[in-house]
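Below is one structure; the comments refer to it alone.
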Amino acid sequence: MTIRVASVGVTIAVIVALIMGPNGGFLGRSGGGDVSSADLLVDGVSMPSKVTATGTQQDFIGGGMRMKWGFKVYVVGFYSDRKLLTSLKKKYAGLDATSLLESSNLTTDFASSKAARTVLLRFQRGVAASDISDALGEALKPKVGSKTSDEFQQFILDMVRSDRLEKGSDIYITCKGDKLSASLTGGKPSTSISIKGLCPAIFEVYLGDKAVSPQAKKGFAEGVAEML
């Protein structure tokens with residue numbers, strides 16, 4: 001579930017939104033329009049409504065919590081530049097969230113696009129950096145093979161430069177063309193790697209048939225449906 005709240009305070013915004021109703025401009029995407037200073041609540045966690053990565057501003061689409069053994073690990077947020085969003089709106093106009101969730105074409109179109117798009121991981125508990133890189137590597141292996149998976153794991157460890165990611169830490173993974181960039185801040189400093197097929201595979205991990213976070217995949221489909 002995604003809720004837009006004004007940056008002046010979550011409690012005040014939610015109270016006012018309940019009074020004003022769904023078209024009052026505080027909840028959802030309708031009503032008062034986009035507010036650049038607004039944040040989003042994704043499964044109860046504040047996420048940015050926009051990110052700027054690799055020099056491109058991208059808008060939030062949707063997301064959800066990544067659970068493991070019943071524990072909240074991190075929130076996933078999907079972002080894209082407006083050119084890709086416009087293309088998705090035209091192609092999928094009229095479809096509801098359920099239809100989009102079941103559509104492999106939407107996943108393929110988003111994952112294989114050459115446009116700038118980002119997956120933001122916002123951690124809800126402290127984890128070992130090696131555990132995260134290993135988990136991502138294992139999820140990627142069936143899609144890109146062991147060699148590319150191992151290269152990506154080492155790439156993430158080199159970028160993190162620490163044994164541990166504390167609660168509240170971020171990892172931004174941005175793709176544009178075949179170039180994948182990653183950082184802890186969304187901007188510079190960032191590191192990059194270019195391996196054919198890696199970028200689509202990253203998004204397939206979260207949006208494909210065996211998505212590691214069904215909640216994030218559902219949130220993505222709901223976000224696209226809200227934009228149509």
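The values are calculated or read from the model by the stated rules, or taken from the named source; none is laboratory data. Bear in mind that the values here come from a model prediction, so they are computed numbers and not experimental data. Here the Cβ is made from the backbone with ideal geometry for all residues, glycine too, and neighbour counts use every protein chain on show. The protein model used for the area step is the full one, side chains on, heavy atoms only, and it has no ligands, DNA or RNA in it. Shrake-Rupley method; radii C 1.70, N 1.55, O 1.52, S 1.80 Å.
Could you list, in sequence order, the residues of segment 201-228 that are aliphatic (A, V, I, L, M), open to solvent by 10 Å² or more (accessible area, probe 1.4 Å) and farther than 16 Å from Tyr74 by Cβ?
Correct list: Ala225, Met227, Leu228.
For Ser112, work out the one condition from (1) surrounded by fewer than 18 Cβ atoms within 10 Å (Cβ to Cβ); (2) under 16 Å from the mean Cα position of the chain (by Cα); (3) within 11 Å of Val224 (Cα to Cα) it doesn't fulfil.
(3)
Does Ile195 fit the bill of being within 20 Å of the chain's Cα centre (by Cα) and open to solvent by less than 80 Å² (accessible area, probe 1.4 Å)? Please lay out each step first, then the result.
Details: within 20 Å of the chain's Cα centre (by Cα): no; open to solvent by less than 80 Å² (accessible area, probe 1.4 Å): yes.
So Ile195 does not fit the description; no.
Only one of (1) under 17 Å from the mean Cα position of the chain (by Cα); (2) at pLDDT 95 or above; (3) open to solvent by 80 Å² or more (accessible area, probe 1.4 Å) is not met by Met1, so which one is it?
With (1) under 17 Å from the mean Cα position of the chain (by Cα); (2) at pLDDT 95 or above; (3) open to solvent by 80 Å² or more (accessible area, probe 1.4 Å) applied to Met1, the lone miss is (2).
Please go through segment 158-192 and pick out each residue that is of a type in the set (Phe, Trp, Tyr) and either open to solvent by 70 Å² or more (accessible area, probe 1.4 Å) or more than 24 Å from Val45 (Cα to Cα) (or both).
Of everything in segment 158-192, nothing turns out to be of a type in the set (Phe, Trp, Tyr) and either open to solvent by 70 Å² or more (accessible area, probe 1.4 Å) or more than 24 Å from Val45 (Cα to Cα) (or both).
With respect to Lys196, is the statement that it is at pLDDT below 95, of a type in the set (D, E, K, R) and farther than 26 Å from Lys50 by Cα true? Lay out the reasoning, then the answer.
Working: at pLDDT below 95: yes; of a type in the set (D, E, K, R): yes; farther than 26 Å from Lys50 by Cα: yes.
Criteria met by Lys196.
Here is a yes/no grid of residues against (1) in contact with a helix residue (DSSP H, G or I) (Cβ under 9 Å, 6 or more places away or on another chain); (2) modelled with pLDDT under 95; (3) acidic (Asp, Glu):
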position: Glu166; (1), (2), (3): no, no, yes
position: Val205; (1), (2), (3): yes, no, no
position: Pro214; (1), (2), (3): no, no, no
position: Gly219; (1), (2), (3): no, no, no
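I need the full set of residues from segment 119-149 which are charged (D, E, K, R) and either farther than 14 Å from Gly197 by Cα or open to solvent by less than 50 Å² (accessible area, probe 1.4 Å) (or both), in order please.
So in segment 119-149, the residues charged (D, E, K, R) come out as 122, 125, 131, 134, 138, 141, 143, 147.
Those that are charged (D, E, K, R) and either farther than 14 Å from Gly197 by Cα or open to solvent by less than 50 Å² (accessible area, probe 1.4 Å) (or both): Arg122, Arg125, Asp131, Asp134, Glu138.
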